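Here the structure comes first, spelled out in structure tokens, and everything after it is commentary.
The values are calculated or read from the model by the stated rules, or taken from the named source; none is laboratory data. Keep in mind the model is a prediction, meaning the values are calculated, not measured. Neighbour counts run over all protein chains shown; Cβ positions are idealised from the backbone, glycine included.
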Amino acid sequence: MERLNQIIAAHAGREGPLLPILHDVQAEYGHVSEEAVRAIALALNLSRAEVHGVVSFYHDFHAEPEAKPVLKLCRAEACQARGVEALAAGLAENHRVKIETVYCLGLCSVGPNAMVGSKVHARLDAAKLGALVEALA
Amino acid sequence: MTPNNAIGVRISDDALALACGADEVAAAFVAAGCTVERVSSWGMHWLEPLVEIDGEGFGPLEPSDVAAVLAGASAKAIGRIEDHPFIAKQQRFTFARAGKTQALSLDDYAAHGGWHGLAKARELGPEATIAQVTESGLRGRGGAGFPAGIKWTTVAKAAGTQKYIVCNADEGDSATFADRMVMEGDPFMLIEGMAIAALAVGAHRGYVYIRSEYPHAIAKMEAAVRACAQLVAPFELEVRVGAGAYVCGEETSLLNSLEGKRGEVRAKPPLPALEGLFGKPTVVNNVLTLAAVPWIMANGAAAYAQVGYGRSKGTMPIQLAGNIKHGGLFEVGFGVTLGELVMTVGGGTASGRPVRAVQVGGPLGAYHTPAEFHLPFDYETFAANDGLIGHAGLTVFDDTVDMSAQARFAMEFCAVESCGKCTPCRIGSTRGVELIDRIRAKGGRQPDRVEALPQMHNARKVERSLADEITLLEDLCETMKFGSLCALGGFTPYPVLSALRNFPEDFGADAAKEAAE
């Protein structure tokens, strides 16, 4: 709770502080809890509904923590043109890793691409993607 | 023989190079005793990781290739990089420094023509600066193509002392990466462009709104903003990070997001130029628009306007992506034909199969066929041919593509990313997915239980044929095109209708014709 208040205090003076606060809370706790929503709403003089509305709007913020490690696989057009759909279909089921769809990592000339944390991987084939998933599991 | 430590090796530290293994290659050169400098990317992506030694290029390298390169016996040598046809054919204004400088080196930036534009703007003053931008013919590079000078004039003349410069760096379109390359390769250029805009319209604060999928660009921009704060003062600049919503690339939705709200689109008017961020007059420009400004100021509007085609002045950093042999960044004056870009520069498909479709302008752009390869790259020409150039990303597909699947994806993407504010986009896209699914299943549709009720006077009581379903899809697209608040719902019909018109065989056109006969 103390850390939460520190995060809020660090951004409170900025213009439009809600997104920077939510980013930090998400990074710190892995999700934006009901408790955090209450505290943020109180500090920014917003209703809980308003804060909840923002949390639920953006793909990056989660109300519940994600237990499994996440691999973000780009499945936008440029990666489709380079065969990501076949790659995704052939991916062996793995219950210990969450494969999340992302639309575009901006590496559209060297797809299929994936991102783990902030590390990006290009020119994936079945073997490389399989190895990435295995390394996470 | 030269000792290795005297050999200067240049390798990009752009996200794309890193994704292709540039760090591992750099480490191998360091281990061999070389001095490694991490620079911006040349934009020849099929050659990444590309290594430059005394102007000579080698790529795509793996750590195991290092010994051969140092021995002068590498099969991956491509000759002098600057003489490579992919580079030699370009007119690089915005990307003049690409591959040549370290992204975060103020010395490099200053030594390669940096800050001349801002100095010129300070010398000329606000009015003459706006006049230069207007005369250059620079248009919004985000896709709308609105003249930058007119937007700036509106903001400059707007009442109030508090004004903002907002840079739209929410580059969510598939096939586009030029914004990312500017931010990761030449961040000071973008900052200089924003500082010039601020001076021109009388703003003191600016924001760069970068999508969260670009962690490397965010880190570099934040470092660059800190490093040059004194040079652009009194203008204050801050980096803000998006949160995974594609629609926030739409300017009014981006402003809401910056304000800390849901990224829902606003109705226009009021224009952001008059009531933008926090209700204040705001310039919202794309990264490439602002990044073009320092060159225009330093070299003069006439030099910029001299290049181009029709009303599309200057150069466009075109992004060659998807199934293309030579993918990367190709900056050239407007007017180059689509066929030159795909076949001559891009070398056709990476798979070696024939090109079947090229989507121009990202997920909201039309699918073109090789029959349209004669079209010159220009805002008006593409608009007249039921397409758009958007942010100038080209996605090439070979003949294995199923165009009805691509049309379905366009609708699905719209359904996933819709902000939900207007009905045609929010609901139309979902109905579009269902409709295309039925078309793909080649089935018509019987009236459902609700439609069959006697009180449903207007509902159709007889079976819909496949041809009826296609007419319904066209109808739905018209509704979305003219009824949506922003380009997401409004432009989703472009890929859908172009796929339908240019590739009717993928939508069971033969079956529909047979059934009709």
Please determine, by comparing only the residues of the range A:118-127 that are within 11 Å of another protein chain (Cβ to nearest Cβ) and over 17 Å from the mean Cα position of the chain (by Cα), which one is nearest to residue B:21 (Cα to Cα).
A:122
Evaluation of residue B:151 against (1) within 23 Å of residue A:79 (Cβ to Cβ); (2) part of a helix (DSSP H, G or I); (3) touching a strand residue (DSSP E or B) at 6+ places or on another chain (Cβ under 8 Å) (one fails), failing number
(1)
Can you spot a residue in the range B:466-488 that is over 33 Å from the mean Cα position of the chain (by Cα), hydrophobic (A, V, I, L, M, F, W, C) and outside any loop (DSSP other than H, G, I, E, B)?
yes
Unmet criterion (only one of (1) within 13 Å of chain A (Cβ to nearest Cβ); (2) under 25 Å from residue B:154 (Cα atoms); (3) surrounded by fewer than 22 Cβ atoms within 10 Å (Cβ to Cβ)) for residue B:275
(1)
If I go through the range A:61-83 residue by residue, how many of them are within 11 Å of chain B (Cβ to nearest Cβ) and not aromatic (Phe, Trp, Tyr)?
12
Could you go through the range A:62-71 and let me know if any residue there is in contact with a strand residue (DSSP E or B) (Cβ under 9 Å, 6 or more places away or on another chain), in a loop (DSSP other than H, G, I, E, B) and touching a residue at least 60 places away in the same chain (Cβ under 8 Å).
yes
Cross-chain or 6+ apart pairs with Cβ under 7 Å, the range B:148-172 first and touching a residue at least 60 places away in the same chain (Cβ under 8 Å) and not assigned by TED's automatic domain parsing to the domain that holds residue B:392, then of a type in the set (Asp, Glu) and crowded, with 21+ Cβ neighbours inside 10 Å:
B:168/B:251; B:169/B:179; B:171/B:179
Tally of residues being within 14 Å of chain A (Cβ to nearest Cβ) and surrounded by fewer than 24 Cβ atoms within 10 Å (Cβ to Cβ) across the range B:291-325:
1
Can you name every residue in the range A:5-20 that is touching an Asp or Glu at 6+ places or on another chain (Cβ under 8 Å), more than 12 Å from chain B (Cβ to nearest Cβ) and crowded, with 18+ Cβ neighbours inside 10 Å?
A:7
Given the residues B:177, B:86, which is the only one that is of a type in the set (A, V, I, L, M, F, W, C), touching a Ser or Thr at 6+ places or on another chain (Cβ under 8 Å) and modelled with pLDDT of 95 or more?
B:177
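Here is a yes/no grid of residues against (1) free of Cβ contacts under 8 Å to residues at least 40 places away in the same chain; (2) under 17 Å from residue B:45 (Cβ atoms); (3) assigned by TED's automatic domain parsing to the domain that holds residue A:27; (4) exposed (fewer than 14 other Cβ atoms within 10 Å of the Cβ):
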residue	(1), (2), (3), (4)
A:75	yes, no, no, no
A:86	yes, no, no, yes
A:89	yes, no, no, yes
A:95	yes, no, no, yes
A:102	yes, no, no, no
A:106	yes, yes, no, no
A:122	yes, yes, no, no
A:131	yes, no, no, yes
Please enumerate the residues belonging to the range B:205-219 that are in a helix (DSSP H, G or I) and over 18 Å from residue B:189 (Cβ atoms).
B:215
Matching residues in the range B:321-344 (within 19 Å of residue A:107 (Cβ to Cβ) and not aromatic (Phe, Trp, Tyr)) number 10
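Among B:205, B:262, which is the only one that is facing chain A (nearest Cβ under 10 Å), touching a residue at least 60 places away in the same chain (Cβ under 8 Å) and of a type in the set (Lys, Arg)?
B:262
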From the option list B:341, B:329, single residue qualifying as in a strand (DSSP E or B) and either in contact with a strand residue (DSSP E or B) (Cβ under 8 Å, 6 or more places away or on another chain) or of a type outside the set (Asp, Glu) (or both) is B:329
From the list B:171, B:82, exactly one residue is within 14 Å of another protein chain (Cβ to nearest Cβ) and closer than 30 Å to residue B:37 by Cα. Which is it?
B:171
Among the residues that make up the range B:69-89, is at least one of them surrounded by fewer than 22 Cβ atoms within 10 Å (Cβ to Cβ), free of Cβ contacts under 8 Å to residues at least 60 places away in the same chain and of a type in the set (Asp, Glu)?
yes
Set A:54, A:32: member being within 13 Å of chain B (Cβ to nearest Cβ), surrounded by 16 or more Cβ atoms within 10 Å (Cβ to Cβ) and in contact with a Lys or Arg (Cβ under 6 Å, 6 or more places away or on another chain):
A:54
Of everything in the range B:369-426, what is of a type in the set (D, E, K, R) and either facing another protein chain (nearest Cβ under 9 Å) or within 21 Å of residue B:353 (Cβ to Cβ) (or both)? Give them in sequence order.
B:372, B:398, B:399, B:402, B:417
Among (1) touching a Lys or Arg at 6+ places or on another chain (Cβ under 7 Å); (2) surrounded by 14 or more Cβ atoms within 10 Å (Cβ to Cβ); (3) more than 16 Å from residue B:184 (Cβ to Cβ); (4) not charged (D, E, K, R), which single condition is residue B:55 missing?
(2)
Which ones in the range B:1-49 are under 27 Å from the mean Cα position of the chain (by Cα) and among the charged types (D, E, K, R)?
B:10, B:13, B:14, B:23, B:38, B:48
What's the total number of residues in the range A:93-117 that are within 7 Å of chain B (Cβ to nearest Cβ) and outside any strand (DSSP E or B)?
9
So, residue B:328, is that one without any contact (Cβ under 8 Å) to a residue 24 or more places away in the chain and within 13 Å of another protein chain (Cβ to nearest Cβ) or not?
no
So, in the range B:146-163, how many residues would count as being modelled with pLDDT under 95 and crowded, with 18+ Cβ neighbours inside 10 Å?
0
Suppose we filter the range B:116-138 for residues that are surrounded by 20 or more Cβ atoms within 10 Å (Cβ to Cβ) and closer than 22 Å to residue B:97 by Cα; how many remain?
6
